[in-house]
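Okay, so here's the structure we're looking at.
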Amino acid sequence: MSETADTERERSLEFRSVPLGEIETARSRHMWTRSAVHVAEDGDLVVTGTWDGTVTARDADTLEARWTADHPDHAVGIASLEGGVDESVDTIVVAGRGETGTIAAYDGETGDRRWRYDTADDVGEAVKDTVFYLPYVVALETGTDADGNDRLYAAARRYERDGETRRWHSTVYAFDADGSVRWTYETDASPIALDLDAAGERLAVGYNRCMGDHDTGLVVLETESGDLGWTWDPGTDGDRRVGDVSFDGESVAVSSHGDKRGYLLGPGGAERWHVDLAVETEIDGETLYAYPNHAYANDGRVAFVTGNTYAIESRETESRHPNEHRVAAFDADGDLVWDDEVRGFVHGLAADDGRLVAPCAQNFRVRDPDTHAVRWFDLESGAGGCERLDGIATAAAVDSGTVAAVEEPVEYHDEGETRGEYALRVGSLE
(Lines give C-alpha, C1' and ligand atoms only; values in the text may rest on other atoms or scores of the structure.)
Protein backbone atom coordinates (compact mmCIF):
# COMPACT_ATOMS: atom_id res chain seq x y z
CA MET A 1 0.00 0.00 0.00
CA SER A 2 1.11 3.58 -0.65
CA GLU A 3 1.96 6.11 2.07
CA THR A 4 -1.21 8.02 1.16
CA ALA A 5 -3.32 4.91 1.59
CA ASP A 6 -1.70 4.20 4.97
CA THR A 7 -2.49 7.74 6.11
CA GLU A 8 -6.09 7.56 4.96
CA ARG A 9 -6.46 4.22 6.72
CA GLU A 10 -6.39 6.14 10.01
CA ARG A 11 -9.59 7.97 9.11
CA SER A 12 -12.56 7.28 11.34
CA LEU A 13 -16.19 6.86 10.39
CA GLU A 14 -17.17 8.32 13.78
CA PHE A 15 -19.91 5.76 14.12
CA ARG A 16 -23.24 6.68 15.66
CA SER A 17 -24.86 3.68 17.32
CA VAL A 18 -28.09 2.25 18.62
CA PRO A 19 -28.63 -1.07 20.47
CA LEU A 20 -30.41 -3.91 18.66
CA GLY A 21 -31.54 -5.88 21.72
CA GLU A 22 -30.30 -9.26 22.89
CA ILE A 23 -28.61 -12.01 20.92
CA GLU A 24 -26.69 -15.16 21.79
CA THR A 25 -23.01 -14.30 22.07
CA ALA A 26 -20.92 -15.50 19.13
CA ARG A 27 -18.03 -17.87 19.81
CA SER A 28 -14.63 -18.55 18.30
CA ARG A 29 -16.16 -20.28 15.27
CA HIS A 30 -18.38 -18.39 12.86
CA MET A 31 -22.12 -18.66 13.40
CA TRP A 32 -24.87 -18.69 10.82
CA THR A 33 -26.05 -15.39 9.32
CA ARG A 34 -28.15 -13.76 12.03
CA SER A 35 -28.33 -10.09 11.06
CA ALA A 36 -28.81 -7.92 7.99
CA VAL A 37 -28.47 -4.22 7.20
CA HIS A 38 -29.31 -2.08 4.18
CA VAL A 39 -28.96 1.59 3.25
CA ALA A 40 -31.75 3.05 1.10
CA GLU A 41 -33.17 6.35 -0.18
CA ASP A 42 -29.76 7.71 -1.27
CA GLY A 43 -28.20 7.14 2.12
CA ASP A 44 -31.00 8.66 4.20
CA LEU A 45 -32.58 5.43 5.50
CA VAL A 46 -30.94 2.50 7.30
CA VAL A 47 -32.87 -0.76 7.69
CA THR A 48 -31.81 -3.59 10.00
CA GLY A 49 -32.99 -7.18 10.23
CA THR A 50 -32.25 -9.14 13.39
CA TRP A 51 -32.13 -12.79 14.36
CA ASP A 52 -35.70 -12.75 15.79
CA GLY A 53 -37.24 -11.37 12.58
CA THR A 54 -37.52 -7.74 13.73
CA VAL A 55 -37.12 -5.29 10.83
CA THR A 56 -36.53 -1.64 11.74
CA ALA A 57 -36.16 1.37 9.45
CA ARG A 58 -34.25 4.34 10.89
CA ASP A 59 -33.29 7.84 9.84
CA ALA A 60 -29.61 7.63 8.96
CA ASP A 61 -28.71 10.89 10.75
CA THR A 62 -30.66 10.59 14.00
CA LEU A 63 -31.08 6.77 14.10
CA GLU A 64 -34.66 7.39 15.25
CA ALA A 65 -36.99 4.58 14.18
CA ARG A 66 -39.38 5.30 11.33
CA TRP A 67 -41.12 1.94 11.69
CA THR A 68 -40.72 -1.62 12.90
CA ALA A 69 -42.16 -4.79 11.38
CA ASP A 70 -42.12 -8.49 12.26
CA HIS A 71 -40.78 -10.77 9.55
CA PRO A 72 -41.94 -14.44 9.68
CA ASP A 73 -38.34 -15.78 9.71
CA HIS A 74 -34.87 -14.74 10.73
CA ALA A 75 -34.27 -11.57 8.69
CA VAL A 76 -31.03 -12.38 6.86
CA GLY A 77 -31.07 -10.13 3.79
CA ILE A 78 -32.51 -6.75 2.78
CA ALA A 79 -32.84 -4.88 -0.51
CA SER A 80 -34.95 -1.99 -1.82
CA LEU A 81 -36.98 -1.28 -4.91
CA GLU A 82 -36.56 2.41 -5.70
CA GLY A 83 -39.88 4.18 -5.92
CA GLY A 84 -41.79 1.02 -5.13
CA VAL A 85 -45.27 0.39 -6.43
CA ASP A 86 -46.55 3.93 -5.88
CA GLU A 87 -43.44 5.81 -7.11
CA SER A 88 -43.20 7.79 -3.84
CA VAL A 89 -40.96 5.84 -1.42
CA ASP A 90 -38.74 2.80 -1.62
CA THR A 91 -40.17 -0.65 -1.06
CA ILE A 92 -38.04 -2.57 1.45
CA VAL A 93 -37.67 -6.27 0.65
CA VAL A 94 -36.57 -8.71 3.36
CA ALA A 95 -35.24 -12.22 2.85
CA GLY A 96 -35.81 -14.86 5.50
CA ARG A 97 -34.34 -18.05 6.84
CA GLY A 98 -36.84 -20.16 8.71
CA GLU A 99 -39.78 -22.53 8.39
CA THR A 100 -41.29 -20.61 5.47
CA GLY A 101 -38.21 -19.02 3.85
CA THR A 102 -40.27 -15.88 3.33
CA ILE A 103 -39.59 -12.98 1.01
CA ALA A 104 -41.71 -10.00 2.07
CA ALA A 105 -42.01 -6.41 0.85
CA TYR A 106 -42.70 -3.50 3.22
CA ASP A 107 -43.76 0.08 2.53
CA GLY A 108 -40.66 2.19 3.08
CA GLU A 109 -42.62 4.98 4.73
CA THR A 110 -44.93 3.05 7.06
CA GLY A 111 -43.58 -0.50 7.29
CA ASP A 112 -46.92 -1.94 6.16
CA ARG A 113 -46.47 -5.29 4.43
CA ARG A 114 -47.24 -5.01 0.72
CA TRP A 115 -46.81 -8.64 -0.23
CA ARG A 116 -45.36 -11.96 0.94
CA TYR A 117 -44.01 -15.05 -0.80
CA ASP A 118 -43.04 -18.29 1.00
CA THR A 119 -40.21 -20.05 -0.83
CA ALA A 120 -40.79 -23.22 1.20
CA ASP A 121 -43.71 -23.86 -1.15
CA ASP A 122 -41.10 -24.44 -3.88
CA VAL A 123 -37.92 -25.68 -2.18
CA GLY A 124 -39.78 -27.73 0.43
CA GLU A 125 -40.00 -27.74 4.21
CA ALA A 126 -37.15 -28.57 6.57
CA VAL A 127 -36.80 -32.27 7.32
CA LYS A 128 -34.78 -31.61 10.48
CA ASP A 129 -35.19 -28.97 13.16
CA THR A 130 -31.80 -27.29 12.80
CA VAL A 131 -30.82 -23.97 11.23
CA PHE A 132 -28.83 -25.52 8.39
CA TYR A 133 -31.87 -27.43 7.13
CA LEU A 134 -34.26 -24.45 7.06
CA PRO A 135 -35.38 -22.85 3.79
CA TYR A 136 -32.99 -19.95 3.22
CA VAL A 137 -33.27 -16.97 0.86
CA VAL A 138 -29.54 -16.50 0.24
CA ALA A 139 -29.54 -13.50 -2.11
CA LEU A 140 -31.65 -10.59 -3.35
CA GLU A 141 -30.98 -8.37 -6.35
CA THR A 142 -33.01 -5.45 -7.68
CA GLY A 143 -33.12 -3.55 -10.96
CA THR A 144 -35.36 -2.40 -13.78
CA ASP A 145 -36.50 -4.10 -16.96
CA ALA A 146 -36.31 -2.69 -20.50
CA ASP A 147 -39.48 -0.66 -19.88
CA GLY A 148 -38.17 0.85 -16.64
CA ASN A 149 -40.31 -1.32 -14.36
CA ASP A 150 -38.92 -2.38 -10.99
CA ARG A 151 -37.86 -6.00 -10.75
CA LEU A 152 -36.72 -8.16 -7.84
CA TYR A 153 -34.63 -11.32 -8.17
CA ALA A 154 -34.10 -13.82 -5.36
CA ALA A 155 -32.42 -17.17 -4.79
CA ALA A 156 -33.67 -19.66 -2.18
CA ARG A 157 -32.33 -23.06 -1.18
CA ARG A 158 -32.92 -25.94 1.22
CA TYR A 159 -30.60 -28.74 2.32
CA GLU A 160 -31.40 -32.26 3.46
CA ARG A 161 -29.43 -35.38 4.26
CA ASP A 162 -30.45 -39.01 4.45
CA GLY A 163 -27.53 -41.14 5.61
CA GLU A 164 -24.74 -40.55 3.11
CA THR A 165 -27.09 -38.96 0.58
CA ARG A 166 -27.06 -35.15 0.57
CA ARG A 167 -29.40 -33.03 -1.51
CA TRP A 168 -30.05 -29.38 -2.28
CA HIS A 169 -33.30 -27.94 -3.60
CA SER A 170 -33.20 -24.40 -4.97
CA THR A 171 -35.23 -21.85 -6.91
CA VAL A 172 -34.27 -18.54 -8.51
CA TYR A 173 -37.16 -16.05 -8.84
CA ALA A 174 -38.01 -12.96 -10.85
CA PHE A 175 -40.69 -10.83 -9.16
CA ASP A 176 -42.55 -7.78 -10.39
CA ALA A 177 -42.79 -4.91 -7.90
CA ASP A 178 -46.25 -6.06 -6.78
CA GLY A 179 -44.94 -9.52 -5.81
CA SER A 180 -46.14 -11.35 -8.92
CA VAL A 181 -43.76 -14.12 -9.98
CA ARG A 182 -42.63 -13.58 -13.56
CA TRP A 183 -40.54 -16.76 -13.82
CA THR A 184 -38.57 -19.30 -11.80
CA TYR A 185 -35.45 -21.39 -12.43
CA GLU A 186 -35.06 -24.58 -10.36
CA THR A 187 -32.05 -26.84 -9.78
CA ASP A 188 -30.74 -29.44 -7.34
CA ALA A 189 -27.68 -27.31 -6.51
CA SER A 190 -27.00 -24.64 -3.87
CA PRO A 191 -27.03 -21.02 -5.09
CA ILE A 192 -24.86 -18.55 -3.19
CA ALA A 193 -24.85 -15.26 -5.14
CA LEU A 194 -26.75 -13.16 -7.67
CA ASP A 195 -25.75 -10.16 -9.77
CA LEU A 196 -27.58 -8.19 -12.43
CA ASP A 197 -25.91 -6.50 -15.38
CA ALA A 198 -26.23 -2.72 -15.75
CA ALA A 199 -28.81 -3.00 -18.55
CA GLY A 200 -31.00 -5.30 -16.47
CA GLU A 201 -30.97 -7.92 -19.22
CA ARG A 202 -28.93 -10.73 -17.67
CA LEU A 203 -28.83 -12.30 -14.22
CA ALA A 204 -25.73 -14.18 -13.06
CA VAL A 205 -26.32 -16.99 -10.55
CA GLY A 206 -23.40 -18.49 -8.67
CA TYR A 207 -23.81 -22.07 -7.41
CA ASN A 208 -21.54 -23.10 -4.55
CA ARG A 209 -22.36 -26.78 -4.03
CA CYS A 210 -23.20 -29.00 -7.02
CA MET A 211 -23.74 -32.63 -6.07
CA GLY A 212 -26.70 -33.60 -8.24
CA ASP A 213 -27.77 -33.30 -11.87
CA HIS A 214 -26.94 -29.59 -11.97
CA ASP A 215 -23.16 -29.55 -12.32
CA THR A 216 -22.10 -26.03 -13.28
CA GLY A 217 -20.99 -23.17 -11.06
CA LEU A 218 -22.24 -20.17 -13.03
CA VAL A 219 -25.54 -19.75 -14.83
CA VAL A 220 -26.48 -16.59 -16.75
CA LEU A 221 -30.22 -16.15 -17.32
CA GLU A 222 -32.15 -13.83 -19.62
CA THR A 223 -34.11 -11.60 -17.24
CA GLU A 224 -37.14 -11.12 -19.46
CA SER A 225 -37.89 -14.81 -19.81
CA GLY A 226 -35.70 -16.71 -17.34
CA ASP A 227 -34.26 -18.67 -20.25
CA LEU A 228 -30.72 -19.99 -19.95
CA GLY A 229 -28.19 -17.76 -21.70
CA TRP A 230 -24.91 -19.53 -20.97
CA THR A 231 -23.01 -21.40 -18.26
CA TRP A 232 -19.45 -21.69 -16.95
CA ASP A 233 -17.67 -23.94 -14.48
CA PRO A 234 -14.11 -24.07 -13.11
CA GLY A 235 -14.01 -27.74 -14.13
CA THR A 236 -12.68 -28.97 -10.80
CA ASP A 237 -13.31 -32.22 -8.95
CA GLY A 238 -15.72 -32.32 -6.03
CA ASP A 239 -18.93 -30.42 -5.43
CA ARG A 240 -17.41 -26.99 -4.61
CA ARG A 241 -17.86 -24.49 -7.41
CA VAL A 242 -18.38 -20.71 -7.11
CA GLY A 243 -18.21 -18.25 -4.20
CA ASP A 244 -19.43 -15.00 -5.78
CA VAL A 245 -20.24 -13.31 -9.11
CA SER A 246 -20.14 -9.69 -10.27
CA PHE A 247 -20.97 -8.04 -13.60
CA ASP A 248 -18.92 -5.24 -15.16
CA GLY A 249 -20.35 -4.38 -18.55
CA GLU A 250 -20.07 -7.47 -20.73
CA SER A 251 -17.69 -9.16 -18.29
CA VAL A 252 -18.42 -11.30 -15.25
CA ALA A 253 -15.98 -11.70 -12.35
CA VAL A 254 -16.17 -15.06 -10.57
CA SER A 255 -14.50 -16.23 -7.37
CA SER A 256 -13.96 -19.97 -7.62
CA HIS A 257 -14.20 -22.27 -4.61
CA GLY A 258 -13.26 -25.14 -6.89
CA ASP A 259 -9.65 -24.10 -7.53
CA LYS A 260 -9.36 -21.01 -5.24
CA ARG A 261 -8.79 -18.67 -8.19
CA GLY A 262 -10.43 -15.53 -9.48
CA TYR A 263 -11.73 -15.32 -13.05
CA LEU A 264 -12.87 -12.65 -15.46
CA LEU A 265 -15.18 -14.00 -18.13
CA GLY A 266 -16.43 -12.42 -21.33
CA PRO A 267 -19.71 -13.02 -23.22
CA GLY A 268 -20.67 -16.66 -23.35
CA GLY A 269 -18.23 -17.52 -20.56
CA ALA A 270 -15.02 -17.04 -22.58
CA GLU A 271 -12.14 -16.78 -20.11
CA ARG A 272 -10.31 -13.44 -20.31
CA TRP A 273 -7.92 -14.18 -17.45
CA HIS A 274 -7.59 -15.95 -14.14
CA VAL A 275 -5.43 -15.31 -11.07
CA ASP A 276 -4.30 -17.45 -8.16
CA LEU A 277 -5.89 -16.16 -4.97
CA ALA A 278 -5.43 -18.73 -2.21
CA VAL A 279 -4.60 -21.90 -4.11
CA GLU A 280 -3.40 -25.04 -2.37
CA THR A 281 0.08 -24.32 -0.95
CA GLU A 282 2.55 -26.49 0.95
CA ILE A 283 3.53 -24.91 4.29
CA ASP A 284 5.36 -26.77 7.06
CA GLY A 285 4.37 -30.14 5.64
CA GLU A 286 0.66 -29.24 5.25
CA THR A 287 -1.38 -28.37 2.18
CA LEU A 288 -3.28 -25.19 2.97
CA TYR A 289 -5.85 -23.14 1.10
CA ALA A 290 -8.47 -20.44 1.63
CA TYR A 291 -11.74 -19.87 -0.20
CA PRO A 292 -12.17 -16.74 -2.34
CA ASN A 293 -15.57 -15.75 -0.95
CA HIS A 294 -16.31 -12.39 -2.57
CA ALA A 295 -15.91 -10.62 -5.91
CA TYR A 296 -16.70 -7.08 -7.02
CA ALA A 297 -16.12 -5.69 -10.52
CA ASN A 298 -16.57 -2.09 -11.60
CA ASP A 299 -15.15 0.15 -14.32
CA GLY A 300 -12.32 -2.15 -15.35
CA ARG A 301 -11.24 -3.17 -11.85
CA VAL A 302 -11.94 -6.47 -10.09
CA ALA A 303 -11.48 -7.14 -6.37
CA PHE A 304 -11.53 -10.53 -4.64
CA VAL A 305 -11.66 -11.23 -0.90
CA THR A 306 -10.44 -14.49 0.63
CA GLY A 307 -11.48 -16.17 3.88
CA ASN A 308 -10.16 -18.61 6.46
CA THR A 309 -7.22 -20.97 6.19
CA TYR A 310 -8.05 -24.67 5.87
CA ALA A 311 -5.84 -27.75 5.65
CA ILE A 312 -6.39 -30.60 3.20
CA GLU A 313 -5.30 -33.26 5.68
CA SER A 314 -7.06 -32.13 8.88
CA ARG A 315 -9.62 -29.76 10.33
CA GLU A 316 -7.10 -28.02 12.60
CA THR A 317 -3.85 -26.33 11.64
CA GLU A 318 -1.40 -24.01 13.37
CA SER A 319 -0.20 -22.58 10.04
CA ARG A 320 -1.72 -19.83 7.92
CA HIS A 321 -2.15 -19.53 4.18
CA PRO A 322 -0.23 -16.39 3.11
CA ASN A 323 -3.28 -15.06 1.27
CA GLU A 324 -5.97 -15.68 3.88
CA HIS A 325 -8.24 -12.72 4.75
CA ARG A 326 -6.88 -10.66 1.87
CA VAL A 327 -8.43 -8.22 -0.58
CA ALA A 328 -6.71 -7.97 -3.95
CA ALA A 329 -7.64 -5.75 -6.90
CA PHE A 330 -6.74 -6.39 -10.54
CA ASP A 331 -6.94 -4.34 -13.72
CA ALA A 332 -8.64 -5.24 -17.00
CA ASP A 333 -5.65 -7.39 -18.00
CA GLY A 334 -5.56 -9.35 -14.76
CA ASP A 335 -2.51 -7.55 -13.35
CA LEU A 336 -2.42 -6.88 -9.61
CA VAL A 337 -3.05 -3.20 -8.83
CA TRP A 338 -3.09 -3.33 -5.03
CA ASP A 339 -3.78 -5.69 -2.17
CA ASP A 340 -4.29 -5.41 1.57
CA GLU A 341 -5.26 -7.39 4.65
CA VAL A 342 -8.82 -7.58 5.96
CA ARG A 343 -7.58 -9.75 8.86
CA GLY A 344 -11.00 -11.09 9.95
CA PHE A 345 -13.65 -13.16 8.19
CA VAL A 346 -15.83 -11.08 5.86
CA HIS A 347 -19.40 -12.41 5.92
CA GLY A 348 -20.58 -10.19 3.07
CA LEU A 349 -18.81 -7.53 1.00
CA ALA A 350 -20.71 -4.25 0.47
CA ALA A 351 -19.93 -2.04 -2.52
CA ASP A 352 -21.13 1.20 -4.06
CA ASP A 353 -19.67 3.42 -6.77
CA GLY A 354 -16.17 1.96 -6.63
CA ARG A 355 -16.02 1.68 -2.83
CA LEU A 356 -15.69 -1.56 -0.91
CA VAL A 357 -16.83 -1.96 2.69
CA ALA A 358 -15.78 -5.12 4.52
CA PRO A 359 -17.40 -6.09 7.85
CA CYS A 360 -14.55 -8.02 9.46
CA ALA A 361 -15.41 -10.60 12.11
CA GLN A 362 -13.13 -12.91 14.08
CA ASN A 363 -10.20 -14.83 12.68
CA PHE A 364 -11.13 -18.02 14.49
CA ARG A 365 -7.62 -19.47 14.28
CA VAL A 366 -5.78 -16.36 15.53
CA ARG A 367 -8.54 -15.05 17.86
CA ASP A 368 -7.17 -11.50 17.86
CA PRO A 369 -9.75 -8.81 18.82
CA ASP A 370 -7.89 -6.33 16.59
CA THR A 371 -9.43 -8.14 13.62
CA HIS A 372 -12.88 -6.86 14.66
CA ALA A 373 -13.50 -3.88 12.41
CA VAL A 374 -15.24 -2.28 9.48
CA ARG A 375 -12.66 -1.67 6.75
CA TRP A 376 -13.17 0.23 3.51
CA PHE A 377 -11.19 0.57 0.30
CA ASP A 378 -11.23 2.57 -2.90
CA LEU A 379 -11.37 0.06 -5.75
CA GLU A 380 -9.14 2.18 -7.97
CA SER A 381 -6.33 2.97 -5.55
CA GLY A 382 -6.79 0.82 -2.45
CA ALA A 383 -6.95 3.89 -0.19
CA GLY A 384 -9.42 3.59 2.64
CA GLY A 385 -9.81 3.36 6.38
CA CYS A 386 -10.62 1.20 9.37
CA GLU A 387 -13.10 1.57 12.23
CA ARG A 388 -12.40 -0.94 14.96
CA LEU A 389 -15.15 -2.55 17.03
CA ASP A 390 -15.15 -4.39 20.35
CA GLY A 391 -17.49 -7.05 18.96
CA ILE A 392 -17.48 -8.63 15.50
CA ALA A 393 -18.85 -6.93 12.40
CA THR A 394 -21.19 -9.39 10.69
CA ALA A 395 -23.04 -7.28 8.12
CA ALA A 396 -22.46 -3.98 6.32
CA ALA A 397 -24.04 -1.79 3.67
CA VAL A 398 -23.05 1.40 1.84
CA ASP A 399 -24.95 3.86 -0.33
CA SER A 400 -24.25 7.49 -1.24
CA GLY A 401 -21.46 7.68 1.34
CA THR A 402 -23.53 6.32 4.24
CA VAL A 403 -22.00 3.22 5.83
CA ALA A 404 -24.01 0.98 8.17
CA ALA A 405 -22.76 -2.08 10.01
CA VAL A 406 -24.08 -4.58 12.55
CA GLU A 407 -21.91 -5.48 15.52
CA GLU A 408 -22.50 -8.70 17.43
CA PRO A 409 -20.96 -9.65 20.81
CA VAL A 410 -18.35 -12.40 20.84
CA GLU A 411 -16.75 -14.60 23.50
CA TYR A 412 -13.69 -16.61 22.54
CA HIS A 413 -13.69 -20.11 23.98
CA ASP A 414 -10.26 -19.70 25.59
CA GLU A 415 -10.95 -16.28 27.17
CA GLY A 416 -14.36 -16.30 28.83
CA GLU A 417 -14.76 -12.56 28.18
CA THR A 418 -17.65 -11.04 26.25
CA ARG A 419 -16.56 -8.35 23.84
CA GLY A 420 -18.89 -5.84 22.19
CA GLU A 421 -22.67 -5.63 21.95
CA TYR A 422 -25.53 -6.20 19.52
CA ALA A 423 -25.77 -2.80 17.87
CA LEU A 424 -26.18 -0.84 14.66
CA ARG A 425 -23.26 1.43 13.73
CA VAL A 426 -23.73 4.20 11.15
CA GLY A 427 -21.16 6.64 9.75
CA SER A 428 -20.26 8.59 6.62
CA LEU A 429 -17.47 8.28 4.08
CA GLU A 430 -18.03 11.82 2.79
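Descriptive notes on the structure:
- Counting only Cβ charges, +1 for Lys and Arg and -1 for Asp and Glu, the dipole size of the chain around its Cα centre is about 1020 debye.
- Anisotropy class of region 192-262 from Cα gyration tensor, a/c 1.5 cut: oblate
- Rounded to the nearest 20, the Cβ-based charge dipole of region 347-430 about its Cα centre (Lys and Arg +1, Asp and Glu -1) stands at 140 debye.
- FRET efficiency estimate (nearest 0.05) - Cβ-Cβ, residue 110 to residue 271, R0 51 angstrom: 0.55
- Region 50-55 - phi-based ³J(HN,Hα) in whole Hz, Karplus 6.51/-1.76/1.60, Gly and Pro as x: 10, 4, 8, x, 6, 10
- The mean accessible area for residues of the chain, using a 1.4 Å probe and ignoring ligands and nucleic acids, is 40 Å² per residue.
- Label-point separation in nm, residue 367 to residue 147, each point 7 Å along Cα→Cβ: 5.9
- Cβ charges +1 (Lys, Arg) and -1 (Asp, Glu), total dipole of region 285-339, debye: 160
- According to the Cα-based calculation, Rg over Rh for region 29-88 is 1.01, with Rh computed by the Kirkwood formula.
- Between region 14-62 and region 238-282, the Cα center-to-center distance that results, in Å: 31
- Highest-MSF residue in the chain out of 222, 14, 313 [GNM, Cα springs under 10 Å]: 313
- Approximate spin-label separation residue 284-residue 162, in nm, with each point projected 7 Å along Cα-to-Cβ: 4.5
- Overall form of region 72-230 per C-alpha gyration tensor (a/c, 1.5; a/b vs b/c): oblate
- Gap separating the Cα centres of region 325-384 and region 130-156, nearest whole Å: 25
- Highest-fluctuation residue, 341, 224, 316 considered, GNM on the chain with Cα pairs under 10 Å: 316
- Only one residue of 192, 273, 78 has its Cα farthest out toward the positive end of the dipole of the chain, where Lys and Arg carry +1 and Asp and Glu -1 on Cβ, and that residue is 192.
- Counting protein heavy atoms only, the chain has 38 percent of its accessible area on carbon and sulfur, 1.4 angstrom probe.
- Relative contact order [Cα under 8 Å, 6+ residues apart], region 87-213, whole percent: 18
- Low-density loop cleavage sites - trypsin sites (Lys or Arg not before Pro) in region 118-199, where at most 12 other Cβ are within 10 Å (DSSP): 128
- Shape of region 331-430, Cα gyration tensor, a/c cut at 1.5: oblate
- Per the Kirkwood formula applied to alpha carbons, the chain shows a radius of gyration over Rh ratio, Rg over Rh, of 0.93.
The values are calculated or read from the model by the stated rules, or taken from the named source; none is laboratory data. The structure presented is a predicted model; accordingly, all values stated were derived computationally and were not measured. Neighbour counts run over all protein chains shown; Cβ positions are idealised from the backbone, glycine included. Only protein heavy atoms, including side chains, enter the accessible area calculation; ligands, DNA and RNA are left aside. Shrake-Rupley method; radii C 1.70, N 1.55, O 1.52, S 1.80 Å.
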